[in-house]
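To start, the structure itself, in structure tokens.
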Amino acid sequence: MADYKVKDVGLADQGELLIEWAQAHMPVLTLIRDRFEKEKPLEGVKVGACLHATKETAVLVRTLEAGGAEVLLCGSNPLSTTDEVAAALASSGTPIYAWRGQDTEGYYWCVNKVLDYGPHITMDDGGDLVNTIHSSRTEIIEGVKGGSEETTTGVIRLRAMEADGALRYPMIAVNDTATKRMFDNRYGTGQSTIDGILRATAVMLAGKNFVVGGYGWCARGIAFRARGMGANVIVTEVDPVRALEAVMDGFRVMPMMEAAKVGDIFVTSTGDVNVVDGKHMRFMKDGAIMANSGHFNVEINLPALEEMSTGKRRLRQSLDEYQLKDGRKLYLLAEGRLVNLAAAEGHPSEVMDMSFADQALVAEWLWKGEKLEPKVYDVPSEIDETVASLKLQGMGIRIDALTKEQERYLRSWKEGTL
Ligand SMILES: NC(=O)c1ccc[n+]([C@@H]2O[C@H](COP(=O)([O-])OP(=O)(O)OC[C@H]3O[C@@H](n4cnc5c(N)ncnc54)[C@H](O)[C@@H]3O)[C@@H](O)[C@H]2O)c1
């Protein structure tokens, strides 16, 4: 058995059942896995992955392994590992370093364990592998052919590194490709954030004032799903175009300071810091609930909340009550970490099928191609088209194809009003 550190390897049988259930809902990745098994495009490749260690990630890991890769996995958030799944991967021979409830030191110990193997390809969700490599493990850079990034926050960090001339190997922005961002961020985060809030609180959403911080891909998914549950959704934004879109989608839009006074439930998903700040918490109603679905636990100002409080109690898993000095009580879900992963199971398998198909095909493309310049690259459009076509095929949906006449018409600049 490979080296590993997980909570309890005895949970492996339960983990296998979870992985089996995810795989049954991931037809695209299954097709890729079948091909990888025959062609072995990743023979001899060490893939260092820092991803949420969930059942869907396990399906990706086994797809890459089927292609001949050695996958080294650590979690990408201290609270997002499914311990049963981690146990299953450990017992089937994947070097994995992940358990739920890590402290920061434990988290980076795991990141460094993965780097000790000297990966040829890195796969990040939030950029912690890339950041650690560039800051304290630079000896690894020479052997890395390239990497990929799964989330918006990670891509923002990479683009900042590129602009500073600090990026030392090529990175592919998997997050930004249509078959990832339009579906995973919107429908995945939309559904699973509601799932996380309900599992943590079991409160009724209908009739509640539900404040969504941001109106990007993730936040608009959350806003639509909350409205579908009967909540009165209020959106806060800093980008006038996105704010206008929210207005025209039928949501109320106002500054957070105003929303703070009327909101029952607050959810952030912006990638920004202190979107819900102490100054907002001062005006919140007694009993208000706060959650975050952005990548890092900085969107709700936790130090300010602690400072305003005289004490806190854990009422149930992922639900903390803060007793404020003025007598009010505020509630925080999942310690301000990604509520959909920490309080629920993250995105549904069906949507991770596409994101992880992108990851698997990008790994193959990176490995087979020439070594690229150290820049941030988009996913090649053929990969996007392949994933969308395979997904439609998996769903049993057929679409039309352009006729020769239509192709000619669309290419021509000579056609106009008849
Ligand atoms: N929970 C998950 O599973 C999950 C999945 C995908 C992405 N993410 C993370 O969610 C975050 C958002 O991702 P996205 O793809 O929606 O990004 P995006 O760039 O599409 O949207 C972010 C939006 O937040 C707005 N914003 C920034 N600062 C704000 C502020 N102070 N107040 C109000 N709005 C503000 C921006 O104007 C923008 O419209 C990122 O951190 C990303 O990594 C989480």
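The values are calculated or read from the model by the stated rules, or taken from the named source; none is laboratory data. Keep in mind the model is a prediction, meaning the values are calculated, not measured. For neighbour counting, all protein chains shown are included, and Cβ atoms are generated from backbone atoms with ideal geometry for every residue, glycine included. Surface accessibility is based on the protein's heavy atoms, side chains included, excluding ligands, DNA and RNA. Shrake-Rupley method; radii C 1.70, N 1.55, O 1.52, S 1.80 Å.
The set of residues from the range 76-97 being over 21 Å from ASN131 (Cα atoms) and either of a type in the set (A, V, I, L, M) or part of a helix (DSSP H, G or I) (or both) comprises ASP83, GLU84, VAL85, ALA86, ALA87, ALA88, LEU89, ALA90, SER91. Within the range 231-247, no residue that is more than 6 Å from the ligand (Cβ to nearest atom) and open to solvent by less than 80 Å² (accessible area, probe 1.4 Å) sits with its Cβ atom under 6 Å from a residue that is at pLDDT below 95 and among the aromatic types (Phe, Trp, Tyr) at 6+ positions apart or across chains. Residues in the range 191-230 that are near the ligand (Cβ under 9 Å from one of its atoms) and of a type in the set (Gly, Ala, Ser): SER192, GLY196, GLY213, GLY214, GLY216, ALA219, GLY221.
Being over 18 Å from LEU372 (Cβ atoms) and among the acidic types (Asp, Glu) is the filter; apply it to the range 146-165 and report the residue that is farthest from the ligand (Cβ to nearest atom). Going through the qualifying residues, I end up with ASP164. How many residues are in contact with a Ser or Thr (Cβ under 6 Å, 6 or more places away or on another chain) and among the small types (Gly, Ala, Ser) when one looks only at the range 357-401? Residues flagged as in contact with a Ser or Thr (Cβ under 6 Å, 6 or more places away or on another chain) and among the small types (Gly, Ala, Ser) within the range 357-401 amount to 2. A search for C-beta distances below 9 Å between a residue of the range 41-52 that is free of Cβ contacts under 8 Å to residues at least 40 places away in the same chain and any residue that is buried (at least 19 other Cβ atoms within 10 Å of the Cβ) and not in a loop (DSSP other than H, G, I, E, B), counting only pairs 6+ apart in sequence or on different chains, returns GLY44/GLU70.
Please state which of the following conditions HIS25 fails to meet, knowing it meets all the rest: (1) crowded, with 24+ Cβ neighbours inside 10 Å; (2) touching a Pro at 6+ places or on another chain (Cβ under 8 Å); (3) under 20 Å from MET354 (Cα atoms). Single failed check for HIS25: (1). Only residues that are open to solvent by 100 Å² or more (accessible area, probe 1.4 Å) and either in a loop (DSSP other than H, G, I, E, B) or not aliphatic (A, V, I, L, M) (or both) were counted across the range 403-414, and they come to 7. Here the helices (runs of 4 or more DSSP H) wholly within the range 337-398 that include at least 2 residues being within 15 Å of the ligand (Cβ to nearest atom), crowded, with 23+ Cβ neighbours inside 10 Å and among the polar types (S, T, N, Q) are 349-368. Taking (1) hydroxyl-bearing (Ser, Thr, Tyr); (2) within 17 Å of TYR97 (Cα to Cα); (3) open to solvent by 10 Å² or more (accessible area, probe 1.4 Å) in turn, THR57 satisfies each apart from (3).
Looking only at residues of the range 249-294 that are in a loop (DSSP other than H, G, I, E, B), more than 14 Å from the ligand (Cβ to nearest atom) and more than 21 Å from SER192 (Cα to Cα), we find that the one that is most open to solvent (accessible area, probe 1.4 Å) is ARG282. None of ARG35, ARG100, ARG62 is of a type in the set (Lys, Arg), surrounded by fewer than 22 Cβ atoms within 10 Å (Cβ to Cβ) and either part of a loop (DSSP other than H, G, I, E, B) or within 16 Å of the ligand (Cβ to nearest atom) (or both) except ARG100.
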